[in-house]
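Read through the structure below, which is laid out as structure tokens, and then see the notes.
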Amino acid sequence: MTGTRSATMIAVSCLMLPLGCAAENAINVAYSERPPYMIPMPDGAPSGLTGTPTAKAFKIAGIPVVWHNVPTNRQLIMIHDASALNCAVGWFWTAERDGFAKFTKPIYRDKDWMVLANAALAARGDTTLRALLQRPETRILVKDNYSYGTELDKLLAPRRASLAISTAASGKMVQSIAKGVVDMMFVSEDEGHYIMAHHPGEQTRELRLLHFKDMPHGPERHIMCSKAVPDDVINRLNKAITAR
């Protein structure tokens, strides 16, 4: 996704601009389907906890948008392209990302982190996250190129070599836990409760949602844009985010 209009291009919206606005002036905005954060709408725009405020911000700011529903690694490729007007929805700020991207004000703040675990891991009875992570046999599933926020990233760093890395969608990751392929993954409180309420019963019977007293609070989520996106666009989005 580096400038060509492929099958992943879903919708173009010339929002609140003078008639005759050109599609080439639009910002390419990428997201991946991940309820309850991002749920595709019929027009290609995202809804959900982060999708809805993002779509509203672009509309209020009067910035035309081309929506792209693509995997997260493809989104990173788009944002790394310093020559293209690309943004992505719902990313955490990190020092590394700040080197190649621009960030808006937060569009959403996660609730506390939780552990989505299989029944066998939950039966061990660990009472703290640190105790759980100190078990070398614990198989932790993480998303490729994801950050889980500063605090969790630091806790996971010593185990980096032994983590199970996935490029799959969240639903497939949940299946891996339910089947016992891996033991656990980190989810926000919002996402964890959504999974337990909406995934098939044969899966959720094998899943447990765990909260530990030393769990970090959830980080803030932003619209992340390539360096090619003008500061004026970021400023307009920030004003729109505040106004919503």
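The values are calculated or read from the model by the stated rules, or taken from the named source; none is laboratory data. Since we're looking at a predicted model, the values are computed, not measured. Glycine gets a Cβ as well: all are built from the backbone with ideal geometry, and neighbour counts include every protein chain shown. The protein model used for the area step is the full one, side chains on, heavy atoms only, and it has no ligands, DNA or RNA in it. Shrake-Rupley method; radii C 1.70, N 1.55, O 1.52, S 1.80 Å.
Results for (1) over 30 Å from D231 (Cβ atoms); (2) of a type outside the set (A, V, I, L, M, F, W, C); (3) within 22 Å of the chain's Cα centre (by Cα); (4) modelled with pLDDT under 95, shown as yes or no for each residue.
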| site | (1), (2), (3), (4) |
| --- | --- |
| F100 | no, no, yes, no |
| P106 | no, yes, yes, no |
| D112 | yes, yes, yes, yes |
| L116 | yes, no, yes, no |
| A123 | yes, no, no, no |
| R130 | yes, yes, no, yes |
| Y146 | no, yes, yes, yes |
| G149 | no, yes, yes, yes |
| A161 | yes, no, no, yes |
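Only residues that are touching a strand residue (DSSP E or B) at 6+ places or on another chain (Cβ under 7 Å), open to solvent by 20 Å² or more (accessible area, probe 1.4 Å) and among the charged types (D, E, K, R) were counted across segment 165-211, and they come to 3.
Among residues of segment 160-183 that are free of Cβ contacts under 8 Å to residues at least 24 places away in the same chain, those with a beta-carbon under 6 Å from a residue that is outside any loop (DSSP other than H, G, I, E, B) and open to solvent by less than 30 Å² (accessible area, probe 1.4 Å) at least six positions away or on a different chain give the pairs L163/I140; L163/V142. Considering segment 212-244 alone, what residues qualify as being open to solvent by less than 80 Å² (accessible area, probe 1.4 Å), touching a residue at least 40 places away in the same chain (Cβ under 8 Å) and assigned to a loop (DSSP other than H, G, I, E, B)? Hits for segment 212-244 are F212, D214, M215, P216, G218, P219, A228, V229.
If the condition is being within 25 Å of L152 (Cα to Cα) and part of a loop (DSSP other than H, G, I, E, B), then segment 197-211 contributes E206, H211. Scanning segment 29-42 finds no residues that are assigned to a strand (DSSP E or B), β-branched (V, I, T), open to solvent by less than 60 Å² (accessible area, probe 1.4 Å) and farther than 30 Å from A197 by Cα. The criterion of at least 1 residues that are open to solvent by 60 Å² or more (accessible area, probe 1.4 Å) and touching a residue at least 12 places away in the same chain (Cβ under 8 Å) is met by the following helices (runs of 4 or more DSSP H) wholly inside segment 49-145: 51-61, 72-80, 119-122, 129-134.
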